[in-house]
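In what follows, a single structure is set out as structure tokens and then discussed.
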Amino acid sequence: MNNQIPSQLRKKPIGISIMGAILCVVMLALPAWVGTPPMDAIPDLARFFGRFHPVILHLPIGMLVLAVFLEFGSLFTRKESPALQGTLFFAAATSVVAVLLGFLLYIGDEDIRISPGAQDHLWGGIAFSCLAITTFLIKAWTDAGASAAWVYKLMLVASSGVMAYTSHDGASLVHGQDYLTEFAPEPLRGLLGGKPAKEDAKPADGSAATPEPLVYQDIVAPMLEEKCWKCHNEKKIKGKMRMDAYELLVKGGADGPGLEVGHAEKSNIIIRMELPIDNDERMPPDEKPGLKPDEIEVIKWWINTGAKADVTLATANPPANIAAIIAKIKPSATVKTTAGTTGSAAPVAPAVDTSKERTAIAAAMTDLQKSYPGAAQFDSQASNSVNFTAVSMRGSYSDDDAKKISTLAPHLGSVDFTATLISDAALSVLEPAKNLRKLNLGETKITDVGLSTIAKFDSLESLNLFGTEVTDAGIQQLGSLKNLKRLYVWRSKVTPEGIEALRKLLPSCDVVMGIQ
């Protein structure tokens with residue numbers, strides 16, 4: 001038989017059998033032998049190789065599936081494929097590589113290590129590899145003259161079954177438990193163990209149910225479910241955090257509580273949602289689309305008003321702008337605004353300020369929009385405060401570009417220069433911004449020199465300096481900003497000692513050295 005493996009493996013299966021047995025013993029003993037070492041003891045090189053597990057694992061799966069098809073085809077041709085034994089050899093060999101890489105991924109990624117089902121998936125992979133090795137060895141002995149054809153076919157079936165189960169287990173870890181069954185037809189969904197399709201609750205008389213909507217259950221939770229639950233659920237816990245239950249959302253994970261009641265700007269979930277899309281700390285990760293800004297505003301409002309799990313929409317009494325957003329998110333909800341308006345339609349928006357000052361600001365914004373579309377917006381219809389963001393321009397936005405907002409500077413309430421090319425020189429443009437409340441300078445060229453200008457913004461409440469060159473000496477200049485409530489300095493040159501010195505000057509300011 002002209003098999004696609006070295007001839008010595010066909011003639012002398014004893015040697016390869018001993019090697020296969022040793023590999024099985026090593027894989028079975030590896031988890032107990034290595035244990036669960038501390039994360040700081042895992043070399044970066046091990047983590048690097050572990051990331052290749054999702055790439056390599058498709059090789060043994062594909063090779064075993066090919067072997068099954070070759071075996072099935074021989075039932076019709078009455079002739080065994082000469083590539084069968086070679087296919088089984090490569091299935092077994094690549095399965096060992098996949099298991100070793102998977103083990104490195106398991107011990108090197110704490111999120112994976114603590115995920116429910118991760119350990120079962122690890123043992124499933126080891127079992128599959130051992131079965132694949134055994135199947136190949138029995139086939140080799142059968143081709144060498146041993147009477148074990150029925151044992152070989154039994155092992156081939158067993159290997160395929162364990163492979164299918166382990167593959168599904170791994171997919172569930174990555175995509176969530178119901179990834180495969182989410183859109184399956186109802187009978188098949190039940191057979192595969194999926195959840196039944198959601199049905200609208202109806203009273204006993206069959207009429208349409210119209211219960212009083214709850215803010216968390218009916219408005220906030222569905223938004224989080226769409227964007228967050230796939231990575232933070234019972235079966236997959238990224239960052240030691242679950243978001244599929246109210247109590248667990250509040251509790252948070254490895255970086256601290258998920259939200260801080262009454263303080264949306266300090267809440268972990270909001271901080272992560274509002275980071276730039278290409279920031280490694282942003283959620284959802286990998287530049288995946290997150291919640292829309294107006295949806296985040298609803299969640300902020302819910303947090304700021306107590307973040308209660310059982311409050312009804314009528315009791316919460318949202319302001320008109322939030323009520324309008326909720327009416328779009330959940331059209332069936334009866335919205336009651338602070339103005340006393342009720343009804344399912346969007347409430348009437350507050351009257352727009354038509355003063356000469358606002359008209360002049362609007363004209364300046366129109367001119368600016370010609371160069372930077374969408375960069376400047378009024379904070380609200382009833383406010384003349386302007387929010388400016390250069391996030392979409394990033395590496396193409398420089399000090400010269402910043403000069404173009406000078407006419408709007410006195411009216412700026414929020415400025416976001418994240419990841420742009422601006423330096424300390426650009427901050428002089430903001431000096432007239434006496435009402436500036438929020439300034440984001442993360443990942444820019446700002447240094448201690450620029451902080452002397454920032455120290456003049458008496459109204460500043462939030463300042464983001466992550467990834468900049470500011471130092472302990474520089475942030476002490478901010479000690480005069482008595483309204484500063486939040487300061488971000490992670491990945492800068494600020495030390496814990498510098499923060500402690502600043503806290504003596506600003507005891508009410510929350511200084512963040514990392515995502516909390």
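The values are calculated or read from the model by the stated rules, or taken from the named source; none is laboratory data. On a predicted model such as this, the values are computed, not experimentally measured, just so you know. Note that we place each Cβ from the backbone using ideal geometry, even for glycine, and neighbour counts take in every protein chain shown.
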- [ ] Specify which of the listed residues (Ile112, Ile56, Ile126) is farther than 17 Å from Leu23 by Cβ and among the aliphatic types (A, V, I, L, M).
- [x] Ile112
- [ ] Output the residues belonging to the stretch 450-477 that are of a type in the set (S, T, N, Q) and closer than 12 Å to Asn440 by Cβ.
- [x] Ser462, Asn464, Thr468
Task: The one condition in (1) of a type outside the set (Asp, Glu); (2) at pLDDT below 80; (3) outside any helix (DSSP H, G or I) that Ser147 fails to fulfil - done: (2)
TODO: Could you list, in sequence order, all residues of the stretch 471-498 that are among the hydrophobic types (A, V, I, L, M, F, W, C) and either over 29 Å from the mean Cα position of the chain (by Cα) or under 16 Å from Leu439 (Cα atoms) (or both)?
DONE: Ala473, Ile475, Leu478, Leu481, Leu484, Leu487, Val489, Trp490
Task: Residue count, the stretch 263-284 (criterion: modelled with pLDDT of 75 or more, among the charged types (D, E, K, R) and either surrounded by fewer than 19 Cβ atoms within 10 Å (Cβ to Cβ) or over 12 Å from the mean Cα position of the chain (by Cα) (or both)) - done: 3
Open item on the list: Suppose we filter the stretch 12-57 for residues that are surrounded by 11 or more Cβ atoms within 10 Å (Cβ to Cβ) and modelled with pLDDT under 75; how many remain?
Closed with: 3
- [ ] Kindly check whether there is at least one residue in the stretch 242-262 that is out of contact with any strand residue (DSSP E or B) (no Cβ under 9 Å at 6 or more places or on another chain), of a type in the set (Phe, Trp, Tyr) and at pLDDT below 80.
- [x] yes
- [ ] Filter the stretch 459-492 down to the residues that are touching a strand residue (DSSP E or B) at 6+ places or on another chain (Cβ under 7 Å), surrounded by fewer than 21 Cβ atoms within 10 Å (Cβ to Cβ) and under 29 Å from Met241 (Cα atoms), then identify the one that is modelled with the lowest pLDDT.
- [x] Trp490
Open item on the list: Which pairs turn up if I take residues in the stretch 447-464 that are more than 16 Å from Cys509 (Cα to Cα) and look for partners that are among the β-branched types (Val, Ile, Thr) and not in a strand (DSSP E or B) with beta carbon separation below 6 Å, at least 6 apart in sequence or on another chain?
Closed with: Asp448/Val470
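For (1) farther than 30 Å from Lys238 by Cβ; (2) part of a helix (DSSP H, G or I); (3) assigned by TED's automatic domain parsing to the domain that holds Met163, each residue gets a yes or a no:
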residue: Ile14; (1), (2), (3): yes, yes, yes
residue: Met19; (1), (2), (3): yes, yes, yes
residue: Cys24; (1), (2), (3): yes, yes, yes
residue: Leu45; (1), (2), (3): no, yes, yes
residue: Ile61; (1), (2), (3): no, yes, yes
residue: Lys79; (1), (2), (3): yes, no, yes
residue: Pro82; (1), (2), (3): yes, no, yes
residue: Gln85; (1), (2), (3): yes, yes, yes
residue: Ala92; (1), (2), (3): yes, yes, yes
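Quickly run through the stretch 15-74 and pick out the residues that are aromatic (Phe, Trp, Tyr) and more than 18 Å from Tyr152 (Cα to Cα).
Of everything in the stretch 15-74, those that are aromatic (Phe, Trp, Tyr) and more than 18 Å from Tyr152 (Cα to Cα) turn out to be Trp33, Phe48, Phe49, Phe52.
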Open item on the list: Tell me which strands (runs of 3 or more DSSP E) are completely within the stretch 341-435 and hold 2 or more residues being modelled with pLDDT of 90 or more, within 35 Å of the chain's Cα centre (by Cα) and not assigned by TED's automatic domain parsing to the domain that holds Asp294, or say none if there are none.
Closed with: 412-416
Open item on the list: So if I check each of Ile126, Ile107, which one is touching a Leu at 6+ places or on another chain (Cβ under 7 Å) and either part of a helix (DSSP H, G or I) or in contact (Cβ under 8 Å) with a residue 12 or more places away in the chain (or both)?
Closed with: Ile126
Open item on the list: Of everything in the stretch 380-389, what is buried (at least 21 other Cβ atoms within 10 Å of the Cβ) and within 20 Å of Phe466 (Cα to Cα)? Give them in sequence order.
Closed with: Phe388
Open item on the list: Please verify whether Leu430 is surrounded by 21 or more Cβ atoms within 10 Å (Cβ to Cβ) and over 20 Å from Glu469 (Cβ atoms), treating the condition exactly as stated.
Closed with: no
- [ ] Please identify the pairs in which a residue from the stretch 28-49 that is more than 26 Å from Phe128 (Cβ to Cβ) has its Cβ atom under 9 Å from the Cβ atom of a residue that is surrounded by 11 or more Cβ atoms within 10 Å (Cβ to Cβ) and among the basic types (Lys, Arg), counting only partners at least 6 apart or on another chain.
- [x] Met39/Arg113
Open item on the list: Please go through the stretch 390-426 and give me each residue that is buried (at least 20 other Cβ atoms within 10 Å of the Cβ) and of a type in the set (Val, Ile, Thr), ordered by number.
Closed with: Ile405, Val415, Thr418, Thr420, Ile422
